[in-house]
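Below: the structure, in structure tokens.
The values are calculated or read from the model by the stated rules, or taken from the named source; none is laboratory data. It should be emphasised that the depicted structure is a prediction, and the values quoted were computed from it without experimental measurement. Note: ideal-geometry Cβ built from the backbone for every residue, glycine included; neighbour counts use all protein chains shown.
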Amino acid sequence: MHRFKYKKGGLHCEGVGLERIAQKVGTPFYCYSLESVREHYRRLRDAFKGIDCQICYSVKSNSNLTLMRQLVRMGAGLDIVSGGELYKGLKVGASPETIVYSSVGKTEAEIRAASSAGILMFNVESEEELEAINRVACHLGKVQPVALRVNPDVKASTHHYITTGTKENKFGISMDDAFRMFVESYRYPFLKFIGVHTHIGSQITEARPFVQTIRKISEFVTRLRRAGMFLEYFNIGGGLGIVYSKEKPQTAHAFAAAVRPLLQKMKLKVILEPGRFISGNSGILVTEVLYWKEARHKTFCIVDAGMNDLARPSIYGAHHEILPVRQRGSSGPAATHVDVVGPICESGDFLAKDRKLVRMRSGEFLAVMSCGAYGFTMASNYNSRPRIPEVVVRGQRFWVARRRETPEDLIRGEEILDV
């Protein structure tokens, strides 16, 4: 569900025409519907009513400060994976007691900053990480809550780059090792083991792998209880899929209905870490057509956005629907093997391949849909291109939430050394 619709032939975000934004801000730019963000959060929150559940928005999907502030004001906590995300979370007013810290490679400086801030817990990925957190907590003179991320060896039907719950992945701890570490928690006097965490991947469109995972974790928690370990939290992670093209993902309520009975039997507080589910369909990328190039065996629509602005198609082969911002009468039959490509000097620089697209004129605009998650957050300055602005829309108004970078921004922090 999103709020990008055609009105009088022009694509709008809520009540604002995208052509109007393009003329004011220039292209390319990201555009987010705040009401879509709010609605996706509300649907998930309402689906889990009756369960003691904290929704911790996954900041890595979209760390725009305005979007984060909206969610925090609605009661969301945050799932973070870096010291930078901690800084941004505190900046938007998130309560530290609602922040959980994941990632396999936390540095001691990051651990110190998060522990000093008073976050709810670390999701721990290895035995050496436990030792590092215990050491930092000792220096700080405090007891730090932690959860162990258990790898349930459950394969989700998604791209292998975003599958995280199998024994081949770098994430999590095997069940046998995690059980031993829980039982030997006395070895870490400055840690409090309060939960178990799992996350099996991203863009998962069915409940089955979640159900399979929860059943495994439930058995694991029962073993721990028999061994005298009593936990407070079960963090189920995130990974709920969205519609990019023809997917038919489960709704928030269907997901909740499938997992609720299992969660209730565990009698633990629940943490959810949605990211893409909230932000993915809430944002798009708008780009201008530069040239239409007819090659012997291929047609190219060359636009001013590149793989540095949206990396997912190049990295994952990800599919994003592409729509004209202005509908118009056909200019003859649509070409059926059009590649939408950018200006980056790489053959891997494309936003779409083999699409059906009516011939576009220079100066017309295209909307790359479902870019609210892992769009701007993965952007770079490759080819010395300034990063593009982020625009937020609410109702009939829009604001630039992050300005377009300038050439001066490209060299900020650099020095020319005459050596």
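Could you tell me whether residue 341 is at pLDDT below 95 and either farther than 23 Å from residue 63 by Cβ or assigned by TED's automatic domain parsing to the domain that holds residue 15 (or both)? In short, no.
Would you pick out the residues in region 303-334 that are surrounded by fewer than 23 Cβ atoms within 10 Å (Cβ to Cβ) and farther than 20 Å from residue 349 by Cβ? Show your work before the answer.
Of all residues in region 303-334, those surrounded by fewer than 23 Cβ atoms within 10 Å (Cβ to Cβ) come to 304, 311-324, 326-334.
Hits for region 303-334 are 323, 324, 326, 327, 328, 329, 330, 331, 332, 333, 334.
Scan region 399-414 residue by residue and report those that are within 14 Å of residue 13 (Cβ to Cβ) and either touching a Lys or Arg at 6+ places or on another chain (Cβ under 8 Å) or not assigned by TED's automatic domain parsing to the domain that holds residue 304 (or both). Break it down into steps so the answer makes sense when it comes.
First pass over region 399-414, keeping only residues within 14 Å of residue 13 (Cβ to Cβ): 399-401.
Those that are within 14 Å of residue 13 (Cβ to Cβ) and either touching a Lys or Arg at 6+ places or on another chain (Cβ under 8 Å) or not assigned by TED's automatic domain parsing to the domain that holds residue 304 (or both): none in region 399-414.
Being at pLDDT below 95 and within 25 Å of residue 120 (Cβ to Cβ) is the requirement here; does residue 224 meet it? So residue 224 does not fit the description; no. Exactly one residue out of 38, 20 is more than 17 Å from the chain's Cα centre (by Cα) and at pLDDT 95 or above, and it is 20. Candidates in region 380-395 are the residues that are touching a residue at least 40 places away in the same chain (Cβ under 8 Å) and part of a loop (DSSP other than H, G, I, E, B); of these, the one that is surrounded by the fewest Cβ atoms within 10 Å (Cβ to Cβ) is 395. Could you list, in sequence order, the residues of region 279-302 that are out of contact with any strand residue (DSSP E or B) (no Cβ under 6 Å at 6 or more places or on another chain) and either among the small types (Gly, Ala, Ser) or buried (at least 24 other Cβ atoms within 10 Å of the Cβ) (or both)? Those that are out of contact with any strand residue (DSSP E or B) (no Cβ under 6 Å at 6 or more places or on another chain) and either among the small types (Gly, Ala, Ser) or buried (at least 24 other Cβ atoms within 10 Å of the Cβ) (or both): 279, 280, 281, 295.
Being farther than 21 Å from residue 324 by Cβ and at pLDDT below 95 narrows it down to one of 384, 347, 380, so name that one. Steps first, answer last, please.
Working: 384 fails: at pLDDT below 95; 380 fails: at pLDDT below 95.
Residue meeting the stated conditions: 347.
The residue pairs whose first member lies in region 2-15 and is among the basic types (Lys, Arg), whose second member is part of a loop (DSSP other than H, G, I, E, B) and surrounded by 14 or more Cβ atoms within 10 Å (Cβ to Cβ), and whose beta carbons are closer than 8 Å, counting only pairs six or more residues apart or on different chains, are 3/14.
Of the residues making up region 2-14, those that are touching a Gly at 6+ places or on another chain (Cβ under 8 Å) and surrounded by 14 or more Cβ atoms within 10 Å (Cβ to Cβ) are 10, 11, 14.
Yes/no per residue for (1) among the small types (Gly, Ala, Ser); (2) under 30 Å from residue 75 (Cβ atoms); (3) assigned by TED's automatic domain parsing to the domain that holds residue 358; (4) touching a Leu at 6+ places or on another chain (Cβ under 9 Å):
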position: 260; (1), (2), (3), (4): no, yes, no, no
position: 263; (1), (2), (3), (4): no, yes, no, no
position: 295; (1), (2), (3), (4): yes, no, yes, no
position: 302; (1), (2), (3), (4): no, no, yes, yes
position: 308; (1), (2), (3), (4): no, no, yes, no
position: 315; (1), (2), (3), (4): no, no, yes, no
position: 322; (1), (2), (3), (4): no, no, yes, yes
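Quick one: what pairs do we get from region 203-216, first residue over 11 Å from residue 237 (Cβ atoms), second of a type in the set (D, E, K, R) and outside any helix (DSSP H, G or I), C-beta under 6 Å, 6+ apart or different chains? Correct list of pairs: 205/247. Of all the numbered requirements in (1) under 19 Å from residue 294 (Cα atoms); (2) assigned to a loop (DSSP other than H, G, I, E, B); (3) among the basic types (Lys, Arg), residue 356 misses one, and that requirement is (2).
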